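What follows is a set of notes on a single structure, which appears directly below.
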């Protein structure tokens, strides 16, 4: 019975992949409905990823728009439909990094301060503090978490956002960032270490 369930699950996954590949191929052939469906499927995840990198909705809107403009403009160059997701994330991450560099040069915009919005990364980081419930109650703690995230180098920030927030595997992250697994592991290790150091008075003993 278990084997049947596993087989059914695997079959459903294969069907989903085939449908996605068909959708991408239709979009490559100029099918506007396929373009709209791809946008509908991936807009939310791209927005979330960009927001975790940028920290405010204004910059995120620009990055999401530019990401899909580039995707649809260059989709015909994608030779392997199975690589679409990692290619899409790569564009979004690179644009977010570029946007942050420009923003730094013109003075960094403040992070959104919306008490009704607590970023996924802040919640993910909460598991490392003494009292995770504080994260939802203590504005000063939220501010310190944001500062700690902002203080990370671009590659380390990208890696920890993709791994801790988006739940991507190290292998997929290496494809998105076009780097080795060793580089991903190294960046993840250093990012976690820096966050622990910057949040050390909140960290669980």
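The values are calculated or read from the model by the stated rules, or taken from the named source; none is laboratory data. None of these values were measured; they are calculated from a predicted model. Cβ atoms come from the backbone with ideal geometry, glycine included; neighbour counts cover every protein chain shown.
Observations on the structure shown:
- Screening residue 191 on (1) at pLDDT 85 or above; (2) closer than 27 Å to residue 68 by Cα; (3) outside the structural domain of residue 52 (by TED's automatic domain parsing) shows it passes everything except condition (2).
- Just one of the listed residues (82, 40) is farther than 17 Å from residue 155 by Cα and without any contact (Cβ under 8 Å) to a residue 24 or more places away in the chain, namely 40.
- Filtered residues of region 53-80 (kept if surrounded by 18 or more Cβ atoms within 10 Å (Cβ to Cβ) and within 23 Å of residue 22 (Cβ to Cβ)): 67, 68, 71, 75
- Between 170, 201, 143, the distinction of being without any contact (Cβ under 8 Å) to a residue 40 or more places away in the chain, under 20 Å from residue 82 (Cα atoms) and outside the structural domain of residue 85 (by TED's automatic domain parsing) belongs to 170 only.
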